[in-house]
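Remarks on the structure that follows.
Each reported figure results from applying straightforward, stated rules to the coordinates on display, with no laboratory input. Everything numeric here is computed off the predicted structure, so don't read it as measured data. All Cβ positions, even for glycine, are placed from backbone atoms using ideal geometry, and neighbour counts span all protein chains on display.
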Amino acid sequence: MKNILLISKDVLRRDYLSCYGSKVCHTPNIDRLAEEGTIFTSCCTPAPSTSMAITCMFSGLYAHELLDRKDYTEVEPFTQAPTLFSLLEGGGYETHVVWTQRLFNLAWRYSKMFPPNTQVHNLEGTGTVIPHDGNLPDERDGTDVERFEGEIRTILNNSSKPVFIWVHLPHVLSPRGCFGSDMDLLDRLVGDMVSPFAGNIYLTADHGNMSCEKGALDYGFHVYEGAVRVPLITPRVMGRDVIEEPVSLVQLKSIILERVVRPPKYVYSDSQYYQQPNRKLAIRKGDFKYIYNKIDKSEELYDLSVDPGENANLLVKDWYDPDRKRTVPLDQLYYYKRWDEAETAYGELRGEKDRIWRTESRLEALVAKAKVVVARDIRRVAASRKTTGRWESAPKAMEG
């Protein structure tokens, strides 16, 4: 059995890597990893936020399939299905998690995906999480790569069994200070790990970020391509150097354990759990991508083969032209050849949304729980009265 290294990086967009066509970053070690293995060009995260993403990718279940994940609150340890960690441990591997203390604090309580035997290494003082108040952190001396490399090598040196190590890197590896600015450090880490793991390295992201697309800067609130389409580079899978079919990170278990990929009929991405109010659900089949927005019940449909930037919502028939101050039918201005196919895809994808959609809100859940409690109390009172009545009538019966 070979040692396995899974590297995931927070907010890692595909276009940060030169093997995916980056125009600003050069990542030769990662490029070499892709050339010698398999590069996935249409891999999607099941959720554009860390806790949800890792819950799905290690369980092999989409967010809408999770029975005990309804809201973004602290959860109990995951027991619904075997996780990648538990399966590898059952196969004789020693499993490890290496990430920052801050990511542990932020993500662990909302996921709890590791079995008790998994050894979790929380590195203090490494990495930066870009704050949401807009102020970038100060750059520090030193290089986080050295800390992560040192921890990985220590694990290898102290293990008597084959190891599986999941390394989850922070938003920004110090001493850099912006999303995407640390690709040279990521590339260095990958290059330094090729020899210790004999090339048995998997590289991906929990999610991407919007990077000014659609006027948005961040992640976790959208299911557009910038946030949900992620890099995935693996050792050679099924003899293929490139896999272009849409796949999801929920298939990571089968890819790592079996070295196979089975392109699914549908690929799903959820921005929130089903009880949360601002949930957005994306469903992709082939070139078509459908989005449902819970908060206003609006719908979107894109043909990614001709519109990878998701600019033309094919469901909006009449578009308002702010320059000419008039409304114009989309099919008069937007040249598109697949209207019939788009209509068919819309019907199918909307039907799939209806099939998997769960409507219970937080308030409805509380009401349902209250009804259960009230019904239970009524039954208890009724049982108590029935018992009391029987004993109270006994003396009269005896007197008779």
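Once you have a ≥ b ≥ c as the square roots of the Cα gyration tensor eigenvalues for the stretch 213-257, tell me rounded if a/c is under 1.5, and otherwise prolate or oblate according to whether a/b is larger than b/c.
Judged from the Cα gyration tensor, the stretch 213-257 comes out prolate (a/c at least 1.5, a/b above b/c).
When the helices in the chain are scored as -39500 (n - 2.57) per DSSP H run of 4 or longer and the sum is shared across all residues, what 222 nm value do you end up with, to the nearest 500 deg cm²/dmol?
One gets -10500 deg cm²/dmol as the mean residue ellipticity at 222 nm.
Just want to confirm a number: the relative contact order over the chain, from Cα pairs under 8 angstrom separated by 6+ residues, in percent.
This gives 22 percent for the chain.
Let's test the formula: R0 of 51 Å, r as the Cβ-Cβ distance of ALA198 and THR359. What FRET efficiency results, to the nearest 0.05?
0.55
What do you get for the angle between helix 183-193 and the principal long axis of the chain? Use alpha-carbon atoms, 0 to 90 degrees, nearest ten.
Approximately 90 degrees, to the nearest ten.
What percent antiparallel are the DSSP beta bridges of the chain, to the nearest 5?
About 55 percent, rounded to the nearest 5.
In what sequence, highest mean first, do 13-24, 72-83 appear when ranked by Cβ atoms within 10 angstrom?
For the peptides 13-24, 72-83, the packing ranking is 13-24, 72-83.
Would you pull out the residues with amide H under 5 Å of SER22's amide H, same chain only if 5 or more places away, H placed 1.01 Å from N?
LEU17
Stretched out fully, how many nm does the piece from TYR346 to THR154 gain, at 0.36 nm a residue minus the Cα gap?
Computed gain between TYR346 and THR154 is 63.9 nm.
Kindly express, to the nearest 10 degrees and within the range 0 to 90, the angle between helix 339-356's C-alpha long axis and the longest C-alpha principal axis of the chain.
40 degrees
What residues have an amide H closer than 5 Å to that of TYR202, excluding those fewer than 5 places away on the same chain, when H is modeled at 1.01 Å from N in the peptide plane?
Counting only residues 5 or more places away or on other chains, the set is LEU5, LEU6, ILE7.
Once amide H atoms are placed 1.01 Å from N in the peptide plane, what residues at a sequence separation of 5 or more from SER42, or on another chain, have their amide H within under 5 Å of its amide H?
Distant-sequence amide H within range of SER42: VAL247.
Shape of the stretch 140-275 from its Cα gyration tensor (a ≥ b ≥ c, root eigenvalues): rounded if a/c is under 1.5, otherwise prolate when a/b > b/c, or oblate?
oblate
Can you sort ARG176, ARG338 so the residue with the fewest Cβ neighbours within 10 Å comes first?
ARG338, ARG176
Give the label of the value calculated from the structure for P(r) over Cα pairs in 10 Å bins from 0, in percent, choosing from (i) 4, 20, 29, 22, 11, 6, 3, 2, 1, 0; (ii) 4, 18, 22, 21, 19, 11, 4, 1, 0; (iii) 4, 17, 23, 24, 19, 9, 3, 0.
(i)
What distance in nm separates the simple spin-label points at GLU76 and LYS325, each placed 7 Å from Cα in the Cβ direction?
The two pseudo-label positions are separated by 6.2 nm.
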